[in-house]
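Report on the following structure.
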Amino acid sequence: TVNIIGTAPDGTTASTSVTLTVTGLSSNLIENGGFETGDFTGWQTGGGFAPTLSSAEVHSGKYSALLGHTKKPEVNGASFIYQTISIPSSASKATLQFYYWPATNDSVQYAYQEALIQDTSGNTLATVLKVANNSRGWKEVVFDMTSYAGQSVRVYFAVHGNGYASDFVYMYVDDISVTVQ
């Protein structure tokens, strides 16, 4: 509580109290979530078509990660990135936030864009996003990860396709963060 006292030139005074609440600092557990290093520092990459950095579609900064490729045929299998993070057991709140820009002419049965929370062996703990979206615009996703406090998990992004010659599936991802308090 802060007490504020003001004194006028004629000597009259007035006072008030203000209560401030200080919370713990918020910190981001994701390294290079905006890909502004110009490479995939902090990320593991892989799949049938390796992810690339792109400046064609960015949410902010100079770069985003492109999963899949923008031409036909669609990727056969996966194109993915992931990062393993440890969420402190002391975290009272953990929040994943990211932006994605999807494009496909296929259906979720055969091709899709996804974001997962995985254990360190790659087993799915939660599906954050699984769509076959062709909106071609930036979309924000926010996901509560507080239940993973005290654990090491992977934050995984991918596109999947079946390699069909007349189809395409890809997405850009950018500004990925996991903040903890």
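The values are calculated or read from the model by the stated rules, or taken from the named source; none is laboratory data. For clarity, every value in this text was computed on a predicted model and none was experimentally measured. Quick reminder, even Gly has a Cβ in these numbers, built from the backbone with ideal geometry, and neighbours come from all protein chains shown. Side chains are part of the model used for accessible areas, which takes the heavy atoms of the whole protein and leaves out ligands, DNA and RNA. Shrake-Rupley method; radii C 1.70, N 1.55, O 1.52, S 1.80 Å.
Give all pairs with beta carbons closer than 8 Å in which a residue from segment 80-96 that is charged (D, E, K, R) meets a residue that is buried (at least 19 other Cβ atoms within 10 Å of the Cβ); count only pairs at least 6 apart in sequence or on separate chains.
K93/V180
Is segment 138-146 home to any residue that is in contact with a Pro (Cβ under 8 Å, 6 or more places away or on another chain), at pLDDT 95 or above and open to solvent by 40 Å² or more (accessible area, probe 1.4 Å)?
Start the filter on segment 138-146 by keeping residues that are in contact with a Pro (Cβ under 8 Å, 6 or more places away or on another chain), which leaves 139.
From what is left, the residues that are at pLDDT 95 or above are 139.
Now restrict to residues that are open to solvent by 40 Å² or more (accessible area, probe 1.4 Å): 139.
Yes, segment 138-146 has at least one match.
How many of the residues in segment 53-80 are surrounded by fewer than 17 Cβ atoms within 10 Å (Cβ to Cβ), polar (S, T, N, Q) and outside any loop (DSSP other than H, G, I, E, B)?
The total comes to 1.
Could you check, for segment 91-112, whether at least one of its residues is acidic (D, E), part of a loop (DSSP other than H, G, I, E, B) and open to solvent by 10 Å² or more (accessible area, probe 1.4 Å)?
Our first condition is that a residue be acidic (D, E); within segment 91-112, this holds for 106.
Next, only the ones that are part of a loop (DSSP other than H, G, I, E, B) stay: 106.
Then keep just the ones that are open to solvent by 10 Å² or more (accessible area, probe 1.4 Å); that gives 106.
Yes.
Among the residues of segment 12-24, is any surrounded by 12 or more Cβ atoms within 10 Å (Cβ to Cβ), closer than 29 Å to A94 by Cα and hydroxyl-bearing (S, T, Y)?
First, the residues of segment 12-24 that are surrounded by 12 or more Cβ atoms within 10 Å (Cβ to Cβ): none.
For segment 12-24, residues surrounded by 12 or more Cβ atoms within 10 Å (Cβ to Cβ), closer than 29 Å to A94 by Cα and hydroxyl-bearing (S, T, Y): absent.
Within segment 1-18, count every residue that is modelled with pLDDT of 85 or more and not in a strand (DSSP E or B).
Final tally of qualifying residues: 5.
When G122 is evaluated against the numbered criteria (1) under 19 Å from S54 (Cβ atoms); (2) open to solvent by less than 40 Å² (accessible area, probe 1.4 Å), which criterion, by number, is the only one it fails?
(1)
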